[in-house]
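Trainee: Below are the structure tokens for one structure; questions will follow.
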Amino acid sequence: MVGDFSVGKTSLTQKFVNNVFSDKYLTTIGVKIDTVEVDDTKLIIWDVAGRDSLSPVNVSYLVGAAGVVLVADGTRPSTVENLFDIWSSVEKRIGDVPCVVALNKADLSDGWSVSEETVNSLHDRGWEIFKTSAKQGDEVGTLFETLARKIND
Amino acid sequence: MSENTGKNLNNNDSLKRINEELFRKLQLAYFSVDSKMKVCDASKNLVNYGFPELKKGQSVEDKIDFMIGMDADTELELPVVSSPSGIPVSVNLMPSNDKLTVLISNAERSTEQHRMLQQAANENELLAEKQKKLMARLEQASKELEDKNQQLEEAARLQTSFISGVSHEFRTPLTSIIGYTNLVQQDLSKMSEEIAPRIVKQDNEQYLNAVQRSSKHLLSLVENLLDHGKLDSEEIVVNPKKTNLDELFNDVSLLLSPLSETKNIELNVNLDAPKGVDVVIDDSRLRQCLINLVGNAIKFTDIGSVNLDAKLDGDELNVVVRDSGIGIGREEMEKIRLPFYQVADTGKVGTGLGLTITERIVSLMGGSLSIESQLGEGTSVHLTMPAPKIEREIFSAEMGALPTVSKLKVLVAEDDSFIADLVVVMLQEKGIDVTCVANGALAVEMLQTKSFDLVLMDIHMPIMGGYQAIEKLNQLGNSAPIVVMSASATESDQERAAQLGCAAYLVKPVDVEEIISIAHTVTSPQQ
Ligand SMILES: Nc1nc2c(ncn2[C@@H]2O[C@H](COP(=O)(O)OP(=O)(O)OP(=O)(O)O)[C@@H](O)[C@H]2O)c(=O)[nH]1
Ligand SMILES: [Mg+2]
């Protein structure tokens, strides 16, 4: 799980693994590892600390990863734009692994500010995009299941 | 240190125990795997971090999640990994001699500090982002408000200019109605009894008077609308001049009594002022105010009377307009001063402008206005304004003003044929020799071939407008005094005329007496 800070990486993981959600924000330090079965595949989810203006994503945490979930916050356009930079550092370290994109916080329709243009440029990378809500659960299952399928293919 | 430890561990059992003690104290744990990722060796304290106990030969990937996907030759440092126990640990993968040694140490203390800093920094940045977003929204909102405001202002401006425009259009035909009825009235009064039987003459005179008064009333309503257009632009001009109050109040009474008669209410006009005294006041503005106030009073009174009582107290004119009408409730009182406001449910129609304008004009004249009213009992409006007294001169006719003007040659430049004809007829009535042209160019031409004592110049004319013609005449050394007649009463227009050396500026509808009196003054030095 990679992306900017506070986009909902931990929330998506916890929703999927433990079916819980909290409104309180507790930033992740380093990495938290969780395990879950998807169909017959065992997914080890590495929930990595978010990128912030001072520290880039520590790609050491990605070594050995079979796939990546790029997470952005649909109410913060900059977090979507930053996905391109984040992906290039990921790719540099571990190569072109399967990847899905979560535009998270889809329940906040009022503040939603992802332009058509941005969505198109994400599509152009060949990424599958999911408008997820860790709060309400929308698309969370599909997100992980799609990645698991891509890894198995 | 860890490499040393690794060597010693293989060599000596006692050293191994010392090392294990050290590991325990430093809370260091470790395991090593071979190239096939099978466990070779492992410290017992792995369980302290929630990891399972590792036995030689076991596949590490089945036991320790973070080892899934790793190779035996991966060299890696993972500064903070939350262990199954929840304690954050630091993990080091160190490959050597076909083996991978993994060291795990407690990172709790450094992580705690890091967490506090990162939490604060991230929350700060989120706040800053939110603030930026709010600012943008605020800016957007204030821009939208500004746009709306501009639209409203534009709408108000359009409304004002529409009203002014329409009123202007009304003024010209009204002027000619008033002028022509005036002429017919004069003709009628000269008619001998042989030509028209007395009774017919009286009837006709009465009808004409009615037409005359209604037209004047209509004109005063138009003036109100025009003034409303000027309310915002500070364009209302007050021109105090010597005024005969007796005549003025008489006029008002004559003008409004038809209105009260149709409603079957009594109109009493009463002026208490010393005889033979004039005051300096803008008579047409005062007339407008009185017509507005008395007109309103009549409008809202169905039974009883309307009284207009005026008293000249020293240099101050006090006026009370009292009616026995429907009165004004306390709530309405606040609103009645708003433009276009009409008291609800009264079924009375009007422009709703009278009071707004009256109040404004009164204050421009240096006076004040107050209203007292009780619902169902009637209303009285008190008006006070300065009216400095001066001695009345014994005027004109005997002093030979008419004989003087009757010899005059006057050139009239006016494109509106109704107004032109009217002015020509009115001046001819006074025995003046009048020539009329339809634009400025013709006026210039005429003045070069013939001499005139006075020029009456309209401003807005086709081919060549008034100002242009005056400029031209000035260049040509014209000596005839020029009097401007214009529908525009703005100060800037009057200033322009003065700058061009015009002798006087008359605002339409012009009164023939006014023209005569000006003709008299501007031509007298030459006699
Ligand atoms: N409304 C809404 N809020 C969400 C959603 N997902 C996460 N949040 C909130 O967003 C904040 C950040 O969520 P996290 O899951 O901690 O974000 P993160 O990406 O793990 O952040 P870091 O660990 O700091 O990189 C929390 O307050 C969550 O409650 C969502 O789908 N909808
Ligand atoms: Mg997190």
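Trainee: Would you mind calculating the relative contact order of region A:1-148 from Cα pairs under 8 angstrom and at least 6 residues apart, reporting the percent as a whole number?
Mentor: Across region A:1-148, relative contact order equals 26 percent.
Trainee: If you put +1 on each Lys and Arg Cβ and -1 on each Asp and Glu Cβ, how big is the dipole of region B:3-106 around its Cα centre, in Debye rounded to 20?
Mentor: Using Cβ point charges on Lys, Arg, Asp and Glu, region B:3-106 gives about 440 debye.
Trainee: Kirkwood Rh over alpha-carbon pairs of region B:241-391, then Stokes-Einstein at 20 °C and 1.002 mPa s: what D in µm² s⁻¹, rounded to an integer?
Mentor: Using the Kirkwood radius from Cα pairs, D works out to 137 µm²/s.
Trainee: Projected onto the charge dipole of chain B (+1 at Lys/Arg Cβ, -1 at Asp/Glu Cβ, origin at the Cα centre), which of B:PHE300, B:ASN439, B:ILE178 gives the Cα projection farthest towards the positive end?
Mentor: Most positive-ward Cα: B:PHE300.
Trainee: Rounded to the nearest 5, what % of the DSSP beta bridges within chain B are antiparallel ones?
Mentor: The answer is about 70 percent antiparallel.
Trainee: Here's another thing I want to ask about it. With the contact rule set at Cα under 8 Å and sequence spacing of 6 or more, what percent relative contact order holds for chain B?
Mentor: For chain B, the relative contact order is 8 percent.
Trainee: Averaged over A:28-37, how many beta carbons belonging to a partner chain fall within 10 Å of each residue's beta carbon?
Mentor: Going residue by residue through A:28-37 and averaging, the value is 6.
Trainee: Of the options A:GLY50, B:ILE419, A:GLY95, report the single residue whose Cα projects farthest towards the positive end of the charge dipole of the protein assembly as shown (beta-carbon charges: Lys, Arg +1; Asp, Glu -1).
Mentor: Farthest towards the positive end: A:GLY95.
Trainee: Given a 1.4 Å probe and the protein chains all in place, what does the accessible area of B:SER189 round to, in Å² to the nearest 10?
Mentor: That residue has around 70 Å² of solvent-accessible surface.
Trainee: Can you tell me what share of the DSSP beta bridges in the protein assembly as shown is antiparallel? A percent to the nearest 5 is fine.
Mentor: DSSP beta bridges in the protein assembly as shown are roughly 60 percent antiparallel.
Trainee: Now for a different question. Rounded to the nearest 20 debye, what is the charge dipole size of region A:2-152 about its Cα centre when +1 sits on each Lys and Arg Cβ and -1 on each Asp and Glu Cβ?
Mentor: Taking the Cα centre of region A:2-152 as origin, the dipole is about 420 debye.
Trainee: Let me ask something else. So, with +1 on the Cβ of K and R and -1 on the Cβ of D and E, and no other charges, what is the size of the charge dipole of chain B about its Cα centre, to the nearest 20 debye?
Mentor: Rounded to the nearest 20 debye, it is 1700 debye.
Trainee: Additional query: Per-residue ellipticity at 222 nm for chain B, helices alone: DSSP H runs ≥ 4 residues times -39500 (n - 2.57), over residue total, nearest 500 deg cm²/dmol?
Mentor: Theoretical 222 nm ellipticity from helices: -16500 deg cm²/dmol.
Trainee: Other chains near B:309-321: what is the mean number of their Cβ atoms within 10 Å of each residue's Cβ?
Mentor: Shielding by partners across B:309-321 averages 0.
Trainee: Right, another one. DSSP loop trypsin sites (Lys or Arg not before Pro) in region A:75-153 with at most 15 other Cβ atoms within 10 Å of their Cβ, which ones?
Mentor: In loop regions of region A:75-153 (DSSP not H, G, I, E or B), the sparsely surrounded trypsin sites (Lys or Arg not before Pro) are A:ARG125.
Trainee: Evaluate the relative contact order of region B:397-523 (contact order divided by residue number), counting alpha-carbon pairs under 8 angstrom at least 6 apart; express in whole percent.
Mentor: Value for region B:397-523: 23 percent.
Trainee: Moving on. For the protein assembly as shown, with all protein chains present and a 1.4 Å probe, just round the carbon and sulfur fraction of the accessible area to a whole percent.
Mentor: Here it works out to 51 percent.
Trainee: Where a ≥ b ≥ c are the square roots of the eigenvalues of the C-alpha gyration tensor, would you call region B:397-523 rounded, which needs a/c under 1.5, or, failing that, prolate if a/b is larger than b/c, or oblate?
Mentor: Here region B:397-523 falls in the rounded category.
Trainee: Report B:MET94's accessible area, 1.4 Å probe, all protein chains in place, as a number in Å² to the nearest 10.
Mentor: 60
Trainee: For a protection proxy built on the mean count of beta-carbon atoms within 10 angstrom, sort B:281-292, B:475-486 highest first, please.
Mentor: B:281-292, B:475-486
Trainee: A further question follows. Sequence-distant or interchain residues sharing an amide H contact under 5 Å with B:LEU28, placed H: which?
Mentor: none
Trainee: Which trypsin sites (Lys or Arg not before Pro) does region B:426-527 hold that lie in a coil by DSSP with at most 13 other beta carbons within 10 Å?
Mentor: Loop-located and lightly packed - B:LYS450.
Trainee: Ignoring everything except DSSP H segments at least 4 long, calculate the 222 nm mean residue ellipticity for chain A; use -39,500 (n - 2.57) per segment, divide by total residues, nearest 500.
Mentor: -10500 deg cm²/dmol
Trainee: Under a straight-distance cross-link criterion of Cα-Cα below 17 Å, which lysines are reachable from B:LYS275, leaving out those fewer than 8 residues away in the same chain?
Mentor: Leaving aside lysines fewer than 8 places away in the same chain, those within reach of B:LYS275 are B:LYS242, B:LYS311, B:LYS389.
Trainee: Can I ask one more? Quick one: helix B:198-231 against the long Cα principal axis of chain B, what's the angle to the nearest 10°, folded into 0 to 90?
Mentor: The angle comes out at about 30 degrees.
Trainee: If the cut-off is a Cα-Cα distance under 17 Å, which aspartates and glutamates reach B:LYS56, setting aside same-chain residues fewer than 8 apart in sequence?
Mentor: List returned: B:ASP34, B:ASP41, B:ASP98.
The values are calculated or read from the model by the stated rules, or taken from the named source; none is laboratory data. What you see is a predicted model; the values in this text were computed from it and never measured. Cβ: placed from backbone, ideal geometry, glycine included. Neighbour counts: every protein chain shown. Ligands, DNA and RNA are excluded from the accessible area calculation, which covers all protein heavy atoms including side chains. Shrake-Rupley method; radii C 1.70, N 1.55, O 1.52, S 1.80 Å.
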